Amino acid sequence: MEDQSLPAAASAAASAAASPSLDRRAELSEFLRSRRARLRPSDVGLPDFGRHRRVPGLRREELAQLAGVSVAYYTRLEQGNGRNVSAEVLDSIARALRLSDAEHAHLTHLAKGKQHKKKVSARPQQVRPALGQLLEAMEGVPAYIGGRRSDILAWNGMAAAVFGDWSELPVTERNWARLVFLRPEYRDLFVEWEQKAIDIVCLLRMDAGCYPDDTRLSALVGELSVKSEEFRRLWATHDVKEKSHGVKRLHHPLVGELSLSYESFRMPDDLDQSLVTYHAEPGSESAQALRLLASWGTDATRVASTA
């Protein structure tokens, strides 16, 4: 959904997009503050003085006490100065903040900076020919290869029948973030659109931690921040997580409601690529709907676009 008002947050995001990369120190500072703000003292066994507290969540001194570091040390870290911080200290802070594995990894990437920063190749990501053949061999199973920045790198005919024919889009538009936040038809396709949007933003946040100098990612975040109020709101939460499996409910323009389980498999030779597959419970109405879409073949997307 576009927001024509362009409030201050969007203007700031537009300015940030003009920079060559995301600010790692600012990302570290905001991530730690957001994680601290979501915890109440009672969550970690500390007394809560209720209305006398002037900040949401834990105070810096409370977190420092839980992590076993000095307040001054933690304050420097939360201000974005993670130089020379040890893995042991980060582990202690992660435990105190009750971070998930994905959040812990994100914190490490942000705090360790150069030691954990990955370089982004100038070349577009390539899918191995054998993987492309595997996709086509998976008859009746919607499947695609996802890459960095939520790019869609390759897909089979069933994925096109379910999600739309991405071959008709420019390469730069074959991106889940652009599709979900900027194209109304995908808001209609996903029954739980908000959850799909959250999942995408969480993955982009993780990419930002791994590749802070990725100018294409920075430009994508800036563009989405300007064009989508929902994206700005979700990006500001600093949430990160990985979901390797789950269920997606869709409202397909041809066959109606679909409930599909998905599985995501990282490629061992390129951890920035994942094979994502969808399947329906055997004997279910969704399984019958998939068979109907398979019978339509490549015509399914053409008919759906005019439905």
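Observations, loosely collected:
- Gyration tensor (alpha-carbon) shape descriptor, the range 129-306, a/c threshold 1.5: prolate
- Residue exposure proxy: TYR144, TYR262, ordered by other Cβ atoms within 10 angstrom of their Cβ from fewest to most, comes out as TYR262, TYR144.
- Fewest-first sequence of SER261, SER167 by Cβ atoms within 10 Å of each Cβ: SER167, SER261
- Residue-by-residue Karplus 3J(HN,Hα) for the range 194-200, coefficients 6.51, -1.76, 1.60, Hz, glycine and proline x: 4, 5, 4, 4, 4, 4, 5
- Taking GLU168, GLU223 and counting other C-beta atoms within 10 Å, the order from fewest to most: GLU168, GLU223
- Dividing the convex hull volume of the alpha-carbon atoms in the range 90-216 by its residue count gives 143 Å³ per residue.
Coordinate-derived values only; no laboratory data. Keep in mind it's a predicted model, so treat the numbers as computed, not measured. All Cβ positions, glycine included, derive from the backbone under ideal geometry; neighbour counts span all protein chains shown.
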